[in-house]
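Single-structure report; data block below.
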Amino acid sequence: MQNLRKKFPVLKQCIYANTPATGLLSEDLMEWRQEHDLDYLIGGSITKQKNFESIGDVRDAVGRFFQCISENVALVPNFTLGLNMLLEGLSKDNRILLVENDYPSLNWPFETRSFHREYVKISKHFEEEIYNRVESGKVDVLAISIVQWINGIKIDLDFIKKLKNDFPNLLVIADGTQFCGTQSFNFADSGIDVLGTSGYKWLLSGYGNGFVLVSKAAKERFIPKFIGNGSVDRNVNLRNTIPFCKHLEPGHLDSFNFGSLQFSLNFLETVGMNHIDVQLQKLSQKAKEGFSSLGLLENEVVERKVHSTIFNIKGDEQLFNKLLDENVVCTRRGSGIRLGFHFYNTENEIDAILDIIKS
């Protein structure tokens, strides 16, 4: 992993603990982007036509990476837009279960569409609370972030599989933006019906790209309403035979942005998601032990066995400014300071952050 750090110039200037806000741009991806736009500069529409024809390769790459067949992959500019397009086709009779203070782009689209909603609070055993609510028979849809954006609490993925197995009619919608790119993931075997993600965080793909994965069962729960020339790949004769996921691609897909996504997926595959997973587990354990020893974490985080690499530590504006002055890139979230570590971070950097806090 040390050699990989050289590909991210920002790391020479600071301790970058802000991937939960924005993942880094690698030199390799920058070079690919420059070559892409140079081809566009020289080739104009001829180059763009070739790019349009290669978009299917991006879907294939996403499907391969997350183990989902290509026809169940929709490419969208970001998670927020993808979810809003989907919800326009979901019956308002559905009863929705949400998590309090979950990511606004997940909760707000439900809250502004007159769905009947209930909420669970994050706690040590909030999976049990979710199970009890679903078992009551009053929930049709569970919508949840796999990793919570403020404090990094991660839903037990085995729990999701059990929940779906016990309640097969439950529609599970998940935001994977703070999760995808942190470990290997098999969508087909996950119990999740809809997984939406923006690529600019842990996937290191830059802005303007994301995707939605849908299960076969999920397609039966929505009546898609969005449509455009992109839905038929500019072949107007296909107007009445549009596949489900193409309703989520009504307009042009930018080869610059989605090519960046494909490039980054290939990069992560080359690094090896198993190696990334091991590194992140080390960083998570190191940070959790260090921050816990200083009394900086919520009880809900300390008491759970598995956690992501996102932490929200107790701290005021003075501590936040101190971290910034010491070249630690982080951000204020909720009532604390959020720090997040990707594979390009090191245990030594976590030690340095702990020393700054102690000082």
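Worth a mention:
- In the chain, Cα pairs under 8 Å separated by at least six residues give a relative contact order of 23 percent.
- Surface share of carbon and sulfur [accessible, 1.4 angstrom probe, percent] for region 117-188: 45
- The phi-based Karplus calculation (6.51 cos²θ - 1.76 cosθ + 1.60; θ = phi - 60°) puts the 3J(HN,Hα) values of region 291-300 at 5, 5, 4, 9, x, 9, 10, 5, 4, 4 Hz, whole numbers, x for Gly and Pro.
- DSSP beta bridge pairing in the chain, given as percent antiparallel to the nearest 5: 50
- Carbon-plus-sulfur accessible fraction, region 220-294 (probe radius 1.4 Å, protein heavy atoms only): 51%.
- Taking a straight Cα-Cα cut-off under 30 Å and skipping sequence neighbours fewer than 8 places away in the same chain, the lysines within cross-link reach of Lys138 are Lys92, Lys121, Lys124, Lys154, Lys161, Lys162, Lys164, Lys216, Lys219, Lys225, Lys305.
- Rolling a 1.4 Å probe over the heavy atoms of the protein chains gives the chain an accessible area of 45 Å² per residue.
The values are calculated or read from the model by the stated rules, or taken from the named source; none is laboratory data. In this text, all values refer to a predicted model and were calculated from it rather than measured experimentally. With ligands, DNA and RNA removed, areas are computed over all heavy atoms of the protein, side chains included. Shrake-Rupley method; radii C 1.70, N 1.55, O 1.52, S 1.80 Å.
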